[in-house]
Structures are given as C-alpha cells and as structure tokens.
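The structure under discussion appears below in the form of structure tokens.
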Amino acid sequence: MSSYDGKVVFVSGGTSGINLGIARRFAGEGAHVAVMSRSQDKVDAAVAELGEHAIGFAADVREPDAVAAALAATAERLGPIDVLISGAAGNFPAPAATMSSNAFRSVVDIDLNGTFNVMRGAYEHLRKPGAAIINITAFQSWSPTPFQAHVCAAKAGIDQLTRTLAMEWGPSGVRINSIAPGPIAGTEGMRRLAPTPEAEAATTAAVPLGRYGTTDDIAEAALWLCSDKAGYVTGTVLSVDGGLALGGSSALSSAIMA
Ligand code: HXC
Ligand code: NAP
C-alpha cells in the first residue's frame, strides 16, 4: 500500500499541464485529490480523469473568499489536507517598456497573491503536524529573464513566501518547499515561451541534460518532497530543470526574444 493511500491532496491550477500531472500521480498512489481552477469545463474533465475520490472547484485564486470556500469544502468532504500544491499561474512574453500596469498586475495577482490566498486559506485545514506544501515557481524566480519581468518578480516573491512561512509554520509541523521546473514538454507555458521549432531548439540547447522535462519529472519530485522521506526538508527551492538554472537563462532568453 502506498503511503499516500487515502491522503488528501489539494492542487490549485490542477486542471492542466504540470499541475494536472502532479494531481494524476498522487491519485495514482491512492490519494483523494481536489483540484481548483477558473474553467468549470477543465475542472469537470480533470475530476473525471482523477477517479472516484476526486473533487473539483471552479474558482479564481485572485478571489480569497472563493479560494477559502473551496479549501473549507475540501476539508469537510475529504478530511484534513495532507498535501497542498499551489500551481495556478499566468504567463506571456512581453517587454517591460510596453507592458501595461494591468498586465504586470495580472500575473503578480495570479502567481504571488494567488499563492498567498491558497496558503492562507488552507492553513486552518492542514493536518498538523504532518502537512506538506509545495509552491510551483520557475527558474525565473532567481534567473533574470528578459520579457519575463512580471513572472520573475512574482515567482521570486513566491519563493520568499516559501521560506518565510516555512519558519512561521514549521513549529506546527507543516513543511513548505518550492519546486522550480525547467522547460516542460507539451505544456501551455512552453507553447507561449518557445512557440516555434527554432525557439524550442534554442531552449533545449540551454539545458545541460539536453532535453525538455516531462510532467512526470515534476510529479516524482513532488511525491518525494511531500513524503516522510523528505521529513527534514523545509524552506528549500528544488530545481527540476535539467540543470538549466546553472548556466543562467541566457540561451532561453534568446529563444524568447527571437
Ligand atoms: C502583453 C498582455 C498579453 C500579452 C494579456 N495581456 N496577454 N499584454 N502581451 N501577450 C494583458 C492584457 O492586455 C491586459 O492588460 C492584462 O494583461 C490582463 O489580461 P486579461 O486577458 O484581461 O487577464 P486574465 O483574463 O485575467 O488572464 C490572465 C492571463 C492569461 C495571464 C493574461 O494569459 C491567462 O489566463 N493565463 C493562464 C494560462 C497560462 O498563462 N499558462 C502558462 C503558465 S506558465 P490591459 O492593460 O489591456 O487591461 C508560467 C511560467 C512558465 O506561469 C515558465 C516556463 C519556462
Ligand atoms: P497551464 O497548463 O496553463 O496551468 C495553469 C493552471 O492554472 C491551469 O489549470 C489554469 O486553469 C490555472 N489557472 C490560471 N489562472 C488561474 C486563476 N486566476 N485562478 C485559478 N486557476 C488559474 O500551465 P503549465 O505550463 O502547466 O504551468 C503550470 C505551473 O508550472 C505554473 O505555476 C507555471 O508557472 C509553472 N512552470 C511551468 C513551466 C513549463 O515549462 N510549462 C516551467 C516552469 C514553471 P484555468 O484556465 O481553468 O484557470
């Protein structure tokens, strides 16, 4: 029997891409999974895929009351939350000189404020001691990347939330870490950042391991990081990026700016 059998997992933005990959992997281990995103259609499709114990909520992470209601309903229906994944995010490449204030604010609101809303709304429903939180950031959280000013700022903020709340909530037995994925194949993020075969080739060339990652690469890291095997790990940012961040993101920047 898996150690995740019957555990309660909540995934914000868990209806597509990397976050759905994580939700799928936990469900495969027997966890009871709740997903939340804006589109009711995407929520319904994800719940259908994730099996009989899955539930879902259509809510925007920028609305704290809606987020809190989804988390409260999860705890009421499934029990205390063992694993919280905050992964909802928005991104588009845009030069800062012409980006509107609203465009910058939209990404910061979804990524950073949304992550705070999810963490804050979850706190009272987390299993204590024992819960694990993972915030999904990106290599942009510390590697400056042209045309990604909004994402770089938002993801850096999330990693500071990870570290700060790891200190605040550690005494109640809650571990908090970030995962910073590199370029992941077949995702909306990479469709937006490297939409042409040329951009994809330049991105691949920037990765020391010479390939895009898979959603399974990220899900495996999440599975380990939330398990007792990582029971003394908190406040870290785990890069799962094929080594991309080691060399900075200069080649990736060229791909985005091409
Ligand atoms: C410049 C843009 C823009 C673009 C939107 N805006 N797209 N500006 N270039 N390509 C501007 C709009 O004109 C508007 O400003 C403001 O942003 C808000 O746009 P809305 O469409 O009204 O916002 P909203 O409906 O809230 O949608 C949020 C969004 C959207 C982020 C803009 O793209 C979205 O919903 N994305 C979710 C899916 C996604 O992005 N997945 C990828 C995640 S990958 P004005 O001034 O006109 O009002 C990721 C990191 C990946 O996060 C790292 C990969 C390596
Ligand atoms: P994706 O498929 O677009 O996933 C984003 C998810 O967030 C979707 O489920 C989306 O569903 C939801 N979402 C977006 N805005 C929301 C909002 N305001 N409120 C609630 N839910 C919202 O993108 P992805 O590429 O897999 O990215 C997933 C995560 O990995 C993100 O945190 C991203 O920053 C990170 N990441 C991705 C890559 C990559 O290579 N793709 C690399 C590094 C980091 P709805 O549209 O239904 O709301």
**Asked** Between segment 164-219 and segment 83-139, how many Å separate their Cα centres?
**Response** 14 Å
**Complete:** segment 1-106, Kirkwood Rh and Cα Rg, ratio Rg/Rh at 1.05
**Message:** Using Cβ counts within 10 Å as a stand-in for footprinting exposure, how do 167, 36, 190, 119 rank, fewest first?
**Reply:** 167, 190, 119, 36
**Prompt:** Taking Cα atoms of segment 13-67, Rg/Rh with Kirkwood Rh, to two decimals?
**Reply:** 0.96
**Message:** I need the calculated FRET efficiency for the pair residue 192 and residue 62, taking r as the beta carbon distance and R₀ as 22 Å, to the nearest 0.05.
**Reply:** 0.65
**Prompt:** For the chain, what is the calculated [θ] at 222 nm in deg cm²/dmol (nearest 500), taking -39500 (n - 2.57) for each run of four or more DSSP H residues and dividing by its residue count?
**Reply:** -13000 deg cm²/dmol
**Asked** Residues with amide H under 5 Å of residue 147's amide H, sequence separation 5 or more or different chain, H placed in the peptide plane at 1.01 Å from N; which?
**Response** 96
**Message:** Can you give me the distance in nm between label points at residue 128 and residue 73, each placed 7 Å from the Cα along the Cα-to-Cβ direction?
**Reply:** 2.5 nm
**Item:** More than 17 Å apart - percent of Cα-Cα pairs taken over segment 72-139
**Value:** 52 percent
**Request:** Quick one: what are the phi-derived ³J(HN,Hα) couplings along segment 204-219, Karplus 6.51/-1.76/1.60 with θ = phi - 60°, whole Hz, x for glycine and proline?
**Result:** 4, 5, 7, 9, x, 7, x, 8, 5, x, 10, 4, 5, 4, 6, 4
**Request:** Going by C-beta contacts inside 10 Å, put 106, 178, 172, 12 in order with the fewest on the left.
**Result:** 172, 106, 178, 12
**Message:** If I take R0 = 25 Å and measure r between the Cβ atoms of residue 49 and residue 106 in this structure, what FRET efficiency does the formula 1/(1 + (r/R0)^6) give, to the nearest 0.05?
**Reply:** 0.30
**Request:** Starting from 0 in steps of 5 Å, tell me what percent of the Cα-Cα pairs of the chain lands in each bin.
**Result:** 1, 7, 14, 19, 20, 17, 12, 7, 3, 1, 0
**Request:** Give the Kirkwood hydrodynamic radius (Å, one decimal) of segment 68-202, defined as one over the mean of 1/r across all pairs of different Cα atoms.
**Result:** 16.0 Å
**Prompt:** At residue 168 and residue 97, where each label point lies 7 Å from the Cα along Cα→Cβ, what is the point-to-point distance in nanometres?
**Reply:** 3.9 nm
**Request:** Within segment 79-157, report the chymotrypsin sites (Phe, Trp or Tyr not before Pro) that DSSP leaves as loop and that have at most 10 other Cβ atoms within 10 Å.
**Result:** none
**Asked** Considering lysine pairs in the chain that are 8 or more places apart or on different chains, how many have Cα atoms under 26 Å apart?
**Response** 5
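Values in this text are rule-based calculations from the coordinates and carry no lab data. These numbers were taken from a predicted model, which means no experiment stands behind them. Counting neighbours? That spans all protein chains shown, and the Cβs are built from the backbone with ideal geometry, glycine included.
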